[in-house]
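Below is one structure, written out as structure tokens; the observations come after it.
The values are calculated or read from the model by the stated rules, or taken from the named source; none is laboratory data. Keep in mind it's a predicted model, so treat the numbers as computed, not measured. All Cβ positions, glycine included, derive from the backbone under ideal geometry; neighbour counts span all protein chains shown.
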């Protein structure tokens, strides 16, 4: 295990803590599957997730100094060690980090959670759409893996949303031993003296041991990207470019069409089949049969 210059273990990392808290809620799985190994600071970190059962009944809801046994400490520390390795945790002296997508993939591939869980980014949705998804998930008694950052994208944190109140505020477990836990406006995540997580928010919903409901793909324009061409014609060579991003948990297959409009007419420039794992791009040439007037 990675240790700092004083010989003390590095911090577990908020991604691993958030995943472990949700897994402890379900007390699932009995045992993981597969393995992972990667290099970190000259050391190889490895875990065989199928080697031994997780000791859920020995993991306490709350760990307070002097109020748990060595066995109870070992049970939860081994879980968090394995979860950290499953997401290729970047262990550092002052903080340890990983990614929401890594948490999603590990939950599915190594710990047997719902393969149809989805990852959403708040910037793509209206406030009402976003909160409807949050409230629906919580009403079905499923905890939400949530993350946010500050406005400069320099202080990310992952945490658990596990409820909401009559005012519409969500209850957050920050993963800090109970410190700052409470109800917050989801758009103003500023726990006292503990950072700002109101920006660049994303979440994983559908985290559950069993597959539930119908799966829905989510292919969208990447945040900040738009496909807009002011004038498009044979005589004026123009180029429009946009990133399309698959934010669901599996590859998406479908049909993509580009339509242009001009002089009161609408034409399909091209229709193509695609498979998007993470991102997708396609170059579409100007077709000789299309009239030369300006298009948009």
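The table below lists the values:
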| read-out | value |
| --- | --- |
| Residues of region 154-175 satisfying the condition of being modelled with pLDDT of 95 or more, part of a loop (DSSP other than H, G, I, E, B) and under 20 Å from the mean Cα position of the chain (by Cα) | 156, 174, 175 |
| All positions within region 169-181 that are free of Cβ contacts under 8 Å to residues at least 40 places away in the same chain and loosely packed, with under 14 Cβ neighbours inside 10 Å | 179 |
| Among (1) touching a helix residue (DSSP H, G or I) at 6+ places or on another chain (Cβ under 9 Å); (2) under 16 Å from residue 32 (Cα atoms); (3) without any contact (Cβ under 8 Å) to a residue 12 or more places away in the chain, the one test that residue 77 misses | (1) |
| Residue in region 1-11 that is under 19 Å from residue 101 (Cα atoms) and either surrounded by 12 or more Cβ atoms within 10 Å (Cβ to Cβ) or at pLDDT 95 or above (or both) present | no |
| Sole exception among (1) crowded, with 20+ Cβ neighbours inside 10 Å; (2) modelled with pLDDT of 95 or more for residue 119, by number | (2) |
| Residue pairs meeting the criteria (Cβ under 7 Å; at least 6 apart or on separate chains; first closer than 10 Å to residue 85 by Cα, in region 32-44; second surrounded by fewer than 11 Cβ atoms within 10 Å (Cβ to Cβ) and at pLDDT below 95) | 37/44 |
| Residues located in region 127-168, provided they are surrounded by fewer than 12 Cβ atoms within 10 Å (Cβ to Cβ) and under 13 Å from residue 207 (Cβ atoms) | 141 |
| Unmet criterion (only one of (1) out of contact with any strand residue (DSSP E or B) (no Cβ under 9 Å at 6 or more places or on another chain); (2) at negative phi; (3) at pLDDT 95 or above) for residue 125 | (3) |
| Residue count for region 5-20, restricted to those that are in contact with a strand residue (DSSP E or B) (Cβ under 8 Å, 6 or more places away or on another chain) and in a loop (DSSP other than H, G, I, E, B) | 4 |
| Hey, residue 104 surrounded by 14 or more Cβ atoms within 10 Å (Cβ to Cβ) and closer than 20 Å to residue 13 by Cβ or not | yes |
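Yes/no per residue for (1) out of contact with any strand residue (DSSP E or B) (no Cβ under 6 Å at 6 or more places or on another chain); (2) farther than 16 Å from residue 112 by Cα; (3) part of a loop (DSSP other than H, G, I, E, B):
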| site | (1), (2), (3) |
| --- | --- |
| 22 | yes, no, no |
| 32 | yes, no, yes |
| 46 | no, yes, no |
| 60 | yes, yes, yes |
| 65 | yes, yes, yes |
| 71 | yes, yes, no |
